[in-house]
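The values are calculated or read from the model by the stated rules, or taken from the named source; none is laboratory data. Small disclaimer: the values here were computed from a predicted structure and weren't measured. Cβ: placed from backbone, ideal geometry, glycine included. Neighbour counts: every protein chain shown. Surface accessibility is based on the protein's heavy atoms, side chains included, excluding ligands, DNA and RNA. Shrake-Rupley method; radii C 1.70, N 1.55, O 1.52, S 1.80 Å.
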Amino acid sequence: MAKVAAAEIIYFITFIGVYFNAKTPGENACNYEIEVPISHEQLMRTYTVRIPVDPKNKNDPPYKEKKVIADSPLSLFRRDYAPFVMSQKYPDYQALQTFEIKHVRSTHPEMLKENIALMNLPMLVNYIEEHELEIEPALYDDAGSLRAAIQQYKTDREGFLSIQEQTHKRKGKKVVQTNIAKTMLDKYSSQLQNAVSTNGNGKVRKTLKTASGNINVLEEDFLDDI
(Lines give C-alpha, C1' and ligand atoms only; values in the text may rest on other atoms or scores of the structure.)
Protein backbone atom coordinates (compact mmCIF):
# COMPACT_ATOMS: atom_id res chain seq x y z
CA MET A 1 0.00 0.00 0.00
CA ALA A 2 1.30 3.46 -0.90
CA LYS A 3 2.06 5.68 2.05
CA VAL A 4 -1.10 7.43 3.24
CA ALA A 5 -1.50 10.11 5.90
CA ALA A 6 -3.17 8.76 9.05
CA ALA A 7 -5.81 11.50 8.87
CA GLU A 8 -6.88 10.22 5.44
CA ILE A 9 -7.63 6.69 6.68
CA ILE A 10 -11.20 6.71 7.95
CA TYR A 11 -13.02 3.95 9.82
CA PHE A 12 -16.82 4.00 9.67
CA ILE A 13 -17.70 2.22 12.89
CA THR A 14 -21.20 1.03 13.75
CA PHE A 15 -21.84 1.02 17.48
CA ILE A 16 -24.75 -0.74 19.16
CA GLY A 17 -26.01 -0.92 22.72
CA VAL A 18 -28.57 0.54 25.09
CA TYR A 19 -29.25 4.17 25.98
CA PHE A 20 -31.36 5.83 28.67
CA ASN A 21 -34.20 8.12 27.62
CA ALA A 22 -36.40 10.57 29.52
CA LYS A 23 -39.01 8.07 30.68
CA THR A 24 -39.71 6.86 34.20
CA PRO A 25 -36.63 5.25 35.80
CA GLY A 26 -36.69 1.51 35.26
CA GLU A 27 -38.62 1.87 32.01
CA ASN A 28 -36.23 4.02 30.05
CA ALA A 29 -33.79 1.69 28.28
CA CYS A 30 -33.79 1.59 24.47
CA ASN A 31 -31.59 -0.14 21.93
CA TYR A 32 -29.63 1.92 19.44
CA GLU A 33 -27.43 1.47 16.37
CA ILE A 34 -25.38 4.30 14.94
CA GLU A 35 -22.39 4.75 12.61
CA VAL A 36 -19.65 7.35 13.12
CA PRO A 37 -16.39 8.20 11.28
CA ILE A 38 -13.12 7.87 13.23
CA SER A 39 -9.73 8.54 11.65
CA HIS A 40 -6.64 6.40 12.05
CA GLU A 41 -4.92 9.53 13.37
CA GLN A 42 -7.34 9.62 16.32
CA LEU A 43 -6.58 5.97 17.13
CA MET A 44 -2.81 6.55 16.92
CA ARG A 45 -2.72 9.30 19.57
CA THR A 46 -0.49 8.26 22.47
CA TYR A 47 0.78 9.55 25.79
CA THR A 48 3.97 8.69 27.66
CA VAL A 49 4.10 6.98 31.05
CA ARG A 50 7.15 6.53 33.27
CA ILE A 51 7.66 3.07 34.76
CA PRO A 52 9.97 2.91 37.85
CA VAL A 53 13.11 0.77 37.39
CA ASP A 54 16.41 0.21 39.18
CA PRO A 55 19.01 2.11 37.14
CA LYS A 56 22.08 0.14 36.10
CA ASN A 57 24.28 3.23 36.21
CA LYS A 58 24.10 6.16 38.61
CA ASN A 59 23.50 8.58 35.75
CA ASP A 60 20.54 6.59 34.36
CA PRO A 61 17.04 7.79 35.22
CA PRO A 62 15.09 5.66 37.75
CA TYR A 63 12.37 5.02 35.19
CA LYS A 64 11.76 3.93 31.63
CA GLU A 65 9.32 5.62 29.31
CA LYS A 66 6.58 3.78 27.46
CA LYS A 67 4.09 5.11 24.93
CA VAL A 68 0.49 4.09 25.60
CA ILE A 69 -2.48 4.35 23.25
CA ALA A 70 -4.60 7.23 24.51
CA ASP A 71 -8.04 6.23 23.25
CA SER A 72 -9.81 3.12 22.06
CA PRO A 73 -12.68 3.41 19.53
CA LEU A 74 -15.10 2.74 22.40
CA SER A 75 -13.80 5.55 24.58
CA LEU A 76 -13.75 7.96 21.62
CA PHE A 77 -17.37 7.14 20.87
CA ARG A 78 -18.52 7.43 24.50
CA ARG A 79 -16.69 10.67 25.25
CA ASP A 80 -16.45 12.60 21.97
CA TYR A 81 -19.14 11.34 19.58
CA ALA A 82 -22.17 10.15 21.55
CA PRO A 83 -22.99 13.56 23.10
CA PHE A 84 -23.47 14.98 19.60
CA VAL A 85 -24.78 12.20 17.36
CA MET A 86 -27.06 10.26 19.71
CA SER A 87 -29.48 13.11 20.38
CA GLN A 88 -29.66 13.85 16.65
CA LYS A 89 -30.80 10.33 15.81
CA TYR A 90 -32.68 9.65 19.06
CA PRO A 91 -34.37 12.86 20.33
CA ASP A 92 -35.23 11.23 23.68
CA TYR A 93 -31.57 10.31 24.35
CA GLN A 94 -30.13 11.12 27.78
CA ALA A 95 -27.09 8.90 28.35
CA LEU A 96 -25.35 5.73 27.20
CA GLN A 97 -25.78 2.55 29.18
CA THR A 98 -23.81 0.11 27.02
CA PHE A 99 -21.77 0.41 23.82
CA GLU A 100 -20.03 -2.14 21.60
CA ILE A 101 -18.71 -2.37 18.05
CA LYS A 102 -21.01 -4.15 15.61
CA HIS A 103 -19.31 -3.54 12.28
CA VAL A 104 -16.41 -1.57 10.76
CA ARG A 105 -15.73 -0.49 7.20
CA SER A 106 -12.85 1.66 6.03
CA THR A 107 -11.56 3.78 3.20
CA HIS A 108 -8.52 1.47 3.40
CA PRO A 109 -9.89 -2.04 4.18
CA GLU A 110 -6.40 -3.54 4.48
CA MET A 111 -6.00 -1.59 7.74
CA LEU A 112 -8.70 -3.69 9.41
CA LYS A 113 -6.93 -7.05 9.18
CA GLU A 114 -4.73 -6.83 12.28
CA ASN A 115 -6.29 -4.03 14.32
CA ILE A 116 -7.94 -5.84 17.24
CA ALA A 117 -9.14 -2.52 18.71
CA LEU A 118 -11.70 -2.42 15.87
CA MET A 119 -12.92 -6.01 16.31
CA ASN A 120 -16.05 -7.18 18.09
CA LEU A 121 -16.29 -10.49 19.95
CA PRO A 122 -16.91 -12.82 16.95
CA MET A 123 -14.13 -11.10 14.99
CA LEU A 124 -11.72 -11.50 17.91
CA VAL A 125 -12.57 -15.21 18.15
CA ASN A 126 -11.90 -15.60 14.42
CA TYR A 127 -8.62 -13.69 14.81
CA ILE A 128 -7.49 -16.09 17.55
CA GLU A 129 -8.39 -19.10 15.42
CA GLU A 130 -6.70 -17.76 12.28
CA HIS A 131 -3.47 -16.89 14.14
CA GLU A 132 -3.56 -20.10 16.21
CA LEU A 133 -3.13 -18.22 19.49
CA GLU A 134 -3.21 -20.28 22.69
CA ILE A 135 -6.18 -18.36 24.07
CA GLU A 136 -9.48 -19.88 25.24
CA PRO A 137 -12.17 -17.34 24.24
CA ALA A 138 -14.76 -19.05 26.46
CA LEU A 139 -12.86 -17.92 29.55
CA TYR A 140 -13.49 -14.25 28.78
CA ASP A 141 -16.80 -12.54 29.40
CA ASP A 142 -16.80 -9.89 26.68
CA ALA A 143 -14.88 -8.34 23.79
CA GLY A 144 -12.95 -5.99 26.08
CA SER A 145 -11.49 -8.76 28.23
CA LEU A 146 -10.69 -10.84 25.15
CA ARG A 147 -8.86 -7.91 23.54
CA ALA A 148 -6.82 -7.50 26.72
CA ALA A 149 -6.02 -11.24 26.67
CA ILE A 150 -4.70 -11.03 23.10
CA GLN A 151 -2.54 -8.02 23.96
CA GLN A 152 -1.14 -9.73 27.05
CA TYR A 153 -0.47 -12.93 25.08
CA LYS A 154 1.58 -10.96 22.54
CA THR A 155 3.47 -9.09 25.26
CA ASP A 156 4.19 -11.95 27.68
CA ARG A 157 3.11 -15.32 26.33
CA GLU A 158 4.44 -17.45 29.22
CA GLY A 159 3.03 -15.17 31.89
CA PHE A 160 -0.33 -15.04 30.12
CA LEU A 161 -0.60 -18.83 29.79
CA SER A 162 0.12 -19.24 33.51
CA ILE A 163 -2.67 -16.78 34.40
CA GLN A 164 -5.06 -18.36 31.90
CA GLU A 165 -4.51 -21.78 33.45
CA GLN A 166 -5.45 -20.40 36.87
CA THR A 167 -8.50 -18.68 35.38
CA HIS A 168 -9.59 -21.96 33.84
CA LYS A 169 -9.35 -23.74 37.20
CA ARG A 170 -11.15 -20.93 39.03
CA LYS A 171 -14.08 -20.50 36.69
CA GLY A 172 -14.81 -24.17 36.27
CA LYS A 173 -16.64 -26.02 33.52
CA LYS A 174 -20.02 -24.37 34.09
CA VAL A 175 -18.82 -20.84 33.37
CA VAL A 176 -16.74 -22.01 30.43
CA GLN A 177 -19.77 -23.69 28.84
CA THR A 178 -21.91 -20.59 29.45
CA ASN A 179 -19.38 -18.38 27.70
CA ILE A 180 -19.12 -20.83 24.81
CA ALA A 181 -22.89 -20.50 24.40
CA LYS A 182 -22.63 -16.69 24.42
CA THR A 183 -19.84 -16.78 21.85
CA MET A 184 -21.85 -19.05 19.57
CA LEU A 185 -24.94 -16.84 19.84
CA ASP A 186 -22.89 -13.75 18.97
CA LYS A 187 -21.09 -15.44 16.10
CA TYR A 188 -24.21 -16.85 14.42
CA SER A 189 -26.81 -14.26 15.48
CA SER A 190 -27.54 -13.25 11.87
CA GLN A 191 -28.44 -16.85 11.00
CA LEU A 192 -30.88 -17.43 13.86
CA GLN A 193 -34.60 -17.57 13.13
CA ASN A 194 -35.59 -15.47 16.15
CA ALA A 195 -33.79 -12.44 14.72
CA VAL A 196 -34.12 -9.17 16.61
CA SER A 197 -34.81 -5.81 14.99
CA THR A 198 -35.74 -2.35 16.26
CA ASN A 199 -38.49 0.03 15.32
CA GLY A 200 -37.90 3.69 14.53
CA ASN A 201 -37.90 4.72 18.18
CA GLY A 202 -35.06 2.43 19.12
CA LYS A 203 -37.34 -0.06 20.88
CA VAL A 204 -36.85 -3.73 20.15
CA ARG A 205 -39.23 -5.68 17.97
CA LYS A 206 -38.64 -9.42 18.29
CA THR A 207 -40.00 -12.00 15.85
CA LEU A 208 -41.29 -15.14 17.57
CA LYS A 209 -42.23 -18.37 15.79
CA THR A 210 -45.54 -19.85 16.91
CA ALA A 211 -47.77 -22.71 15.78
CA SER A 212 -50.00 -20.26 13.90
CA GLY A 213 -47.11 -18.38 12.29
CA ASN A 214 -44.74 -15.54 13.13
CA ILE A 215 -45.71 -12.68 15.42
CA ASN A 216 -43.88 -9.47 16.25
CA VAL A 217 -43.54 -8.50 19.90
CA LEU A 218 -42.44 -5.02 20.97
CA GLU A 219 -40.27 -5.23 24.06
CA GLU A 220 -39.66 -1.87 25.77
CA ASP A 221 -36.81 -2.99 27.99
CA PHE A 222 -35.14 -5.70 25.94
CA LEU A 223 -31.37 -5.61 26.49
CA ASP A 224 -29.27 -7.01 23.66
CA ASP A 225 -26.24 -8.26 25.60
CA ILE A 226 -23.30 -7.82 23.27
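With θ set to phi - 60° and the Karplus curve 6.51 cos²θ - 1.76 cosθ + 1.60, what are the ³J(HN,Hα) couplings of region 122-137 in order, to the nearest whole Hz, using x for Gly and Pro?
For region 122-137, the Karplus curve yields x, 5, 5, 4, 4, 4, 4, 5, 5, 9, 6, 7, 7, 10, 9, x Hz.
Please state the shape class of region 128-169: rounded when a/c is under 1.5, otherwise prolate if a/b exceeds b/c and oblate if not, all from the C-alpha gyration tensor. Show your work: numbers first, answer last.
Working: a/c = 1.35, a/b = 1.04, b/c = 1.30.
Rounded is the answer for region 128-169, as its axis ratio a/c remains below 1.5.
On average, how much accessible surface per residue is there in region 8-79, in Å², for a 1.4 Å probe, leaving out ligands, DNA and RNA? Intermediate values should be presented prior to the final figure.
Details: 4400 Å² over 72 residues.
For region 8-79, the solvent-accessible area averages 61 Å² per residue.
Given H placed on each backbone N at 1.01 Å, which residues far from Tyr140 in sequence or on other chains put an amide H within less than 5 Å of it?
Residues meeting the amide H criterion: none.
For region 1-117, compute the number of Lys pairs whose alpha carbons are separated by less than 20 Å, excluding pairs fewer than 8 positions apart on the same chain. Working shown, then result.
Numbers: Lys3/Lys113; Lys23/Lys89; Lys56/Lys64; Lys56/Lys66; Lys89/Lys102; Lys102/Lys113.
Within region 1-117, the lysine pair count is 6.
Using amide H atoms built 1.01 Å from N in the peptide plane, name the residues 5+ places from Gln97, or on other chains, whose amide H lies under 5 Å from its own.
Val18, Tyr19, Phe20
How much length is gained on full extension from Phe12 to Leu185, taking 0.36 nm per residue of separation minus their Cα-Cα distance?
Numbers: separation 173, 0.36 × 173 = 62.28 nm, distance 2.46 nm.
Working it through step by step, the gained length comes to 59.8 nm.
What shape does region 1-65 have by the C-alpha gyration tensor, where a ≥ b ≥ c are the square roots of the eigenvalues, rounded means a/c under 1.5, and otherwise prolate means a/b greater than b/c and oblate the rest? Intermediate results must be reported in sequence, preceding the final value.
On the way: a/c = 6.14, a/b = 1.72, b/c = 3.57.
Oblate, because a/c is 1.5 or more while a/b does not exceed b/c.
Mind checking Rg over Rh on region 93-198, alpha carbons, Kirkwood formula for Rh?
That ratio is 1.00, to two decimals.
Give the calculated FRET efficiency between Thr155 and Lys23 to the nearest 0.05, with a Förster radius of 41 Å applied to their Cβ-Cβ distance.
Working: r = 45 Å, r/R0 = 1.09.
With R0 = 41 Å, the Cβ-Cβ based efficiency is 0.35.
Could you state the accessible area per residue of region 98-161 in Å², with a 1.4 Å probe and every protein chain left in place? Present the calculation step by step, with values, prior to reporting the outcome.
Numbers: 3270 Å² over 64 residues.
Heavy-atom accessible area per residue stands at 51 Å².
Taking 7 Å along the Cα-to-C-beta vector as the label spot, tell me the Ser72-Lys3 distance in nanometres, rounded to one decimal.
A separation of 3.2 nm, rounded to one decimal place.
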